[in-house]
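Undergrad: One structure follows; several queries about it will come next.
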Amino acid sequence: MKILPDGSFGDLLMVIDMQNVYLEGQPWQCVATSQTVKKIQKLLDYHAPDNVLFTKFVPSKHPVGTWEQYNRKNINISKNLWMIDIIEELKQYLEVYPIFTKHAYSAYTDKEVARIASRARRVLLAGVVAECCVLFSLLSGIDAGNKMIYLADACSGSSKEHEQFIAQIAGYYQTTHTQVMTCREYLQERGCIID
C-alpha cells in the first residue's frame, strides 16, 4: 500500500467480489456487471484512488451456523473454479493490487482488509452485489468509523430497483458517514481529465 505524507492510505478503493458467477447470464447474475467492470477499469486506468484492494468470496471450510446451510445450497457454484474466479478483464490489475478472500458478506470480516481500511482517509466501494456484499461492507465501514464513498454507477445489484434502493440507503448517512458519487464525479474531484 502506498502511504501518503499524512501517514494515511488516502482514498482506498475496495473492489468487491467481481467474480464470474455475477456476470449476466450466470447463476448469481447482476443487471450491470459488465458495465461495472468498465467503470472499475476506468478508475484504475486513471489511477484515481490512492490505493486499491480486491475481495473474493469463497465459502469457509469450517462454516458456522447458517453459513453451513448456505454452503450446501450453493455447492455447485463454490466447486466451479471458473465461477468463483475474478472476471477476466480485471485479472490484469491483480498483478498490481492485492486480493483478499472473505467467507462472509462484508469485506471487513477479513482482519487485514479492516486494518487497511482503518488507515484510509476515505473508503470507496465498487463491485457486486449492491444489496448484499457491497451493502454489508458499507455498513461495516460506517461502524468502523470510515468515511464511505458509495460509487453508485460502479455497484451492480440483482435489479435496478435494488441498486437505487442501496444508493438511497447510502445517501441516508450523508454527510457524516457517507457520500454517494458517480465514477465521473469522483474522477473530476480528483482532477482527472475525462475523455
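The values are calculated or read from the model by the stated rules, or taken from the named source; none is laboratory data. Nothing here was measured: the structure is a model prediction, and the numbers come from that model. Positions of Cβ are backbone-derived with ideal geometry, glycine not excepted, and every protein chain shown enters the neighbour counts. These area figures cover heavy atoms from the full protein model, side chains too; ligands, DNA and RNA do not enter into them. Shrake-Rupley method; radii C 1.70, N 1.55, O 1.52, S 1.80 Å.
Undergrad: Helix 135-144 sits at what angle to the longest principal axis of the chain, using alpha carbons and giving 0 to 90 degrees rounded to 10?
TA: Tilt of helix 135-144: around 50 degrees.
Undergrad: Okay, moving on. Per residue, how large is the accessible surface of the chain? Use a 1.4 angstrom probe and give square angstrom.
TA: Counting only protein heavy atoms, the per-residue value for the chain is 50 Å².
Undergrad: Related question: Quick check: residue separation of residue 3 and residue 60 times 0.36 nm, minus the Cα distance between them. What number comes out in nm?
TA: 17.3 nm
Undergrad: Give me the tail of P(r) for region 77-195 as a percent: Cα-Cα pairs with distance above 19 Å.
TA: 52
Undergrad: Determine, from the Cβ-Cβ distance of residue 159 and residue 26 and an R0 of 25 Å, the FRET efficiency 1/(1 + (r/R0)^6), rounded to the nearest 0.05.
TA: 0.95
Undergrad: Counting only the heavy atoms of the protein chains, how much of residue 118 is accessible to a 1.4 Å probe, in Å² to the nearest 10?
TA: The value for residue 118 is about 80 Å².
Undergrad: How large is the helix-only mean residue ellipticity at 222 nm for the chain, computed as the sum of -39500 (n - 2.57) over DSSP H runs with n ≥ 4, divided by its residue count, in deg cm²/dmol to the nearest 500?
TA: Dividing the helical sum by the residues of the chain leaves -9500 deg cm²/dmol.
Undergrad: At 7 Å along Cα-to-Cβ for each site, give me the label-to-label distance between residue 35 and residue 194 in nm.
TA: About 1.4 nm separates the two model spin labels.
Undergrad: Now a separate question. So what's the angle, to the nearest 10 degrees on a 0 to 90 scale, between helix 160-172 and the longest Cα principal axis of the chain?
TA: 50
Undergrad: As a test, work out the antiparallel percent of DSSP beta bridges whose residues both lie in the chain, rounded to the nearest 5.
TA: Counting DSSP beta bridges with both partners in the chain, the antiparallel share is about 5 percent.
Undergrad: Given a 1.4 Å probe and every protein chain left where it sits, what share in percent of the accessible area of region 20-150 is carbon and sulfur?
TA: Whole-percent figure for carbon plus sulfur exposure: 52.
Undergrad: What number of lysine-lysine pairs in the chain show an alpha-carbon separation below 14 angstrom, given a sequence spacing of 8 or more or placement on distinct chains?
TA: Step by step, the pairs that qualify in the chain add up to 6.
Undergrad: Roughly how big is region 39-192's charge dipole about its Cα centre, with Cβ charges of +1 (Lys, Arg) and -1 (Asp, Glu), in debye to the nearest 20?
TA: It comes to approximately 340 debye.
Undergrad: Of 21, 96, which has the most accessible area with a 1.4 Å probe, and how do the rest follow in descending order?
TA: 96, 21
Undergrad: Compute from the Cα atoms of region 36-144 the Rg and the Dmax, the latter being the longest Cα-Cα distance, and quote both in angstrom.
TA: 14.5, 42
Undergrad: Then there is this: Return the loop-located trypsin sites (Lys or Arg not before Pro) in region 1-92 (DSSP other than H, G, I, E, B) with at most 16 other Cβ atoms within 10 Å of their own Cβ; answer none if there are none.
TA: Taking region 1-92 and a limit of 16 other Cβ atoms within 10 Å, the loop trypsin sites (Lys or Arg not before Pro) found are 2, 61, 79.
Undergrad: A further question on this structure: Sort out for me the Cα centre separation of region 135-195 from region 28-47, rounded to whole Å.
TA: 14
Undergrad: Now, a different point. Projecting each Cα onto the charge dipole of region 65-155 (Lys/Arg +1, Asp/Glu -1 at the beta carbon, about the Cα centre), which of 113, 90, 149 comes out farthest on the positive side?
TA: 113
Undergrad: If contacts are Cα pairs under 8 angstrom and at least 6 residues apart, what is the relative contact order of the chain in percent?
TA: 25
Undergrad: Taking a ≥ b ≥ c as the square roots of the eigenvalues of the Cα gyration tensor of region 1-84, is the shape rounded (a/c under 1.5), prolate (a/b larger than b/c) or oblate?
TA: oblate
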